[in-house]
1. What residue, among those in the stretch 377-402 that are under 17 Å from SER529 (Cβ atoms) and within 13 Å of the ligand (Cβ to nearest atom), is surrounded by the fewest Cβ atoms within 10 Å (Cβ to Cβ)?
2. Tell me whether the stretch 435-445 contains one or more residues that are more than 13 Å from the ligand (Cβ to nearest atom) and over 17 Å from ALA365 (Cβ atoms).
3. Which members of the stretch 425-434 meet the condition of being under 22 Å from the mean Cα position of the chain (by Cα) and either within 12 Å of the ligand (Cβ to nearest atom) or surrounded by fewer than 23 Cβ atoms within 10 Å (Cβ to Cβ) (or both)?
4. I'd like to know if the stretch 573-586 contains one or more residues that are among the β-branched types (Val, Ile, Thr), crowded, with 17+ Cβ neighbours inside 10 Å and part of a helix (DSSP H, G or I).
5. Which pairs turn up if I take residues in the stretch 312-334 that are more than 16 Å from SER478 (Cα to Cα) and modelled with pLDDT of 95 or more and look for partners that are part of a helix (DSSP H, G or I) and of a type in the set (S, T, N, Q) with beta carbon separation below 7 Å, at least 6 apart in sequence or on another chain?
6. Which ones in the stretch 250-271 are of a type outside the set (Val, Ile, Thr) and within 26 Å of CYS216 (Cβ to Cβ)?
7. Output the residues belonging to the stretch 146-168 that are assigned to a loop (DSSP other than H, G, I, E, B), touching a residue at least 60 places away in the same chain (Cβ under 8 Å), crowded, with 24+ Cβ neighbours inside 10 Å and of a type in the set (A, V, I, L, M, F, W, C).
8. Can you pull out the residues in the stretch 220-255 that are within 16 Å of MET146 (Cβ to Cβ) and open to solvent by less than 20 Å² (accessible area, probe 1.4 Å)?
Amino acid sequence: ITIDNKKNLYIEKKNIFMKNLEDYKIKNLDDFNNQRKMAANEPELFWSGIASTFQWNKKWKNTLKYDWSIPNTEWFVEGKLNITENCLDRYAKSNPDKKAIIWEANDPNEDFKVFTYKELLDEVCKFSNGLKRIGVKKGDRICIYMPMIPELTIAVLACARVGAIHSVVFAGFSSVALAARINDSSCSVIITSDGGFRGNKITPLKKICDQALKNCPTIKNCIVYKRTSEKIDWFKNRDIWWDDLISGSPDKCEPTIMNSEDTLFILYTSGSTGKPKGMVHTCGGYMVYTAYTFMNVFQYSQNDVYWCTADIGWITGHSYMVYGPLLVGATSVHFEGVPSYPDWGRFWQVCQKHKVNQFYTAPTAIRSLAKQPIDFVNKYNLSSLSVLGSVGEPINLEAWEWYYRNIGKGKLPIVDTWWQTETGGIMISSIPKVTKQKPTYATTPLPGVNAEIVDNNGNLIEESSAEGILLINFPWPSIARTIYGDHDRYKNVYFSAYKNKYFPGDGALRDENGMYRITGRVDDVVIVSGHNLGTAPIENSINEHPKVVESAVVGYPHEIKGNALMAFIILYDKTDDNESIKKEINDLISNSIGPIAKPEKVIIVSGLPKTRSGKIMRRILRKFANNDMENLGDTSTLLNPEIVNEIENTLKSLN
Ligand code: WTA
């Protein structure tokens, strides 16, 4: 956007301090253009107008202070608030019986549960008081390792209510991964359940916790919700049943007043190297941005039922299942199960049952669903649907078309939303029925998102048509402020490659109309079934195997998972029983990271292509994994060019 007009069109048209968030709903192209222009020309005015529609205990002094050379970003500086007052109390007062959450169990025969805004507030307050009873204070880090049950949401909001920092760890992570995350932020309490239902499986969450907690000296208490009733071990000085903690607890709890820039939560995401990054999100800006984007990207109207199929363990669950929808007073479906249980019609059965209007899922789910007989879709009445969404990875054309034709019946808008754990909220997306959509394109940056593309030399591409690396050149309210305990790494990963610009790590294409298509990661992160996996930690766990000399893991396209992993490994002794080594490697990875990180293929090789400085040439391995052996490029400068032929022959013999 060109900053051509300092005079603010939007203010001229409408009063900037409009009373309700709803007044900022983008209803037509004029609204969109006006908001975009205003956000570009007068970002502080724009965002402070939106922020004013929330409940603050004290108004902020400066709307924005930032210096990306440090880097430092602060929004609504010195404002005071508690996000849960905005999520819950406001609506519990104005509309107490409105449904906040409709919870659908894994087993379709188990009754669904409804929490109204009033009921949810009461439950959050009870649990908040429970947390206070065991000494939880503002700023304490609380780990949450739970299945998709309403208590997960209650636990998250209770932390926010008492000013504790929640760190939700996805319940598919192993005990080693869990312990690493607990220790990185020195959590004092963990909240879990005895087990979790997922399809026809039970995950023994408490058992995994017990294993992790052997190595977590900072944990004082483990709160356990009873969900599956399986047998568990009990450590009586540490473990507390959820029900005991809240028994007799009052259902009123004054919210702890937070500074706008106090930490709301930490959420770990994989980096291309080393340990996971604990992304830090703060209260004020995150609140304003998730609410604004939720309302606009999904075009949520007050009587709609919205369903996001993500897990609260990921950022999508934080921003668009918990905070965004509740801040807008929405009714959301939360689902405990998986798309394939009891059969592949489950998503559509739930859509019909709860008359879902907005449905938000991931390309990997769409691809699995598209593989099934179409009868699983056609059995159900999907006429309530009005907006379809996609998130987590680039959506390929086949999946887009299947979604559009079969779920959208050829007429519903699809929002392909590009964003990240780090961005806190949706950055690039179409606005249903307002801006144009284009298959496989996330399309247009939202108001306040200043995206640009640079070429491989870092030069800004001014022309509309462009292909290169995506950058964001101005702060938006929900950008992660740091990596917990490691600001240097934050600076290095996101703000060093391009001066004073945020580098998300994705490549992008822009068409002649300025629409963006995200082409994928440009670093060593591979997105497998929507989960970000750094290849380095996977290699580390493979290398732990006593028979492994060295390994390299790369991604390649996979029909259902989007990407899959191929591991190349060198063994000390080639005469070993390869099959059992492969199995042992998979077990190592499951234990250290989780089953999601297991490679699809393990290839045993006698060497890895290396540069003369000893670096593994992943580029070549990627070509192999992609079956693109014709275009290996110049391999003559390798330290060991002969290895290329050997790997090629090995792969051919496997096909
Ligand atoms: C990828 C998920 C293309 C991208 C919200 C990003 C996407 C990473 C899209 C962040 C999309 C997410 N189109 N790619 N619509 N959405 N990505 O942190 O590579 O789990 O950097 O956040 O997913 O994944 P994360």
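The values are calculated or read from the model by the stated rules, or taken from the named source; none is laboratory data. Because the structure is predicted, anything quoted here is derived from the model rather than measured. FYI the Cβ positions are ideal-geometry reconstructions off the backbone, even for glycines, and counts take in every protein chain you see. Keep in mind that these areas ignore ligands, DNA and RNA; they rest on the heavy atoms of the full protein, side chains included. Shrake-Rupley method; radii C 1.70, N 1.55, O 1.52, S 1.80 Å.
1. It comes out as ASN396.
2. Within the stretch 435-445, one or more residues are more than 13 Å from the ligand (Cβ to nearest atom) and over 17 Å from ALA365 (Cβ atoms).
3. Of everything in the stretch 425-434, those that are under 22 Å from the mean Cα position of the chain (by Cα) and either within 12 Å of the ligand (Cβ to nearest atom) or surrounded by fewer than 23 Cβ atoms within 10 Å (Cβ to Cβ) (or both) turn out to be GLY425, ILE426, MET427, ILE428, SER429, SER430, PRO432.
4. Yes, the stretch 573-586 contains at least one residue that is among the β-branched types (Val, Ile, Thr), crowded, with 17+ Cβ neighbours inside 10 Å and part of a helix (DSSP H, G or I).
5. So the pair list comes out as ILE312/THR153; HIS334/THR153.
6. ASP262, LEU264, PHE265, LEU267, TYR268, SER270, GLY271, listed by residue number.
7. Answer for the stretch 146-168, where residues must be assigned to a loop (DSSP other than H, G, I, E, B), touching a residue at least 60 places away in the same chain (Cβ under 8 Å), crowded, with 24+ Cβ neighbours inside 10 Å and of a type in the set (A, V, I, L, M, F, W, C): MET146, MET148.
8. Across the stretch 220-255, the qualifying residues are CYS222, ILE223, VAL224, ASP239, TRP242, LEU245.
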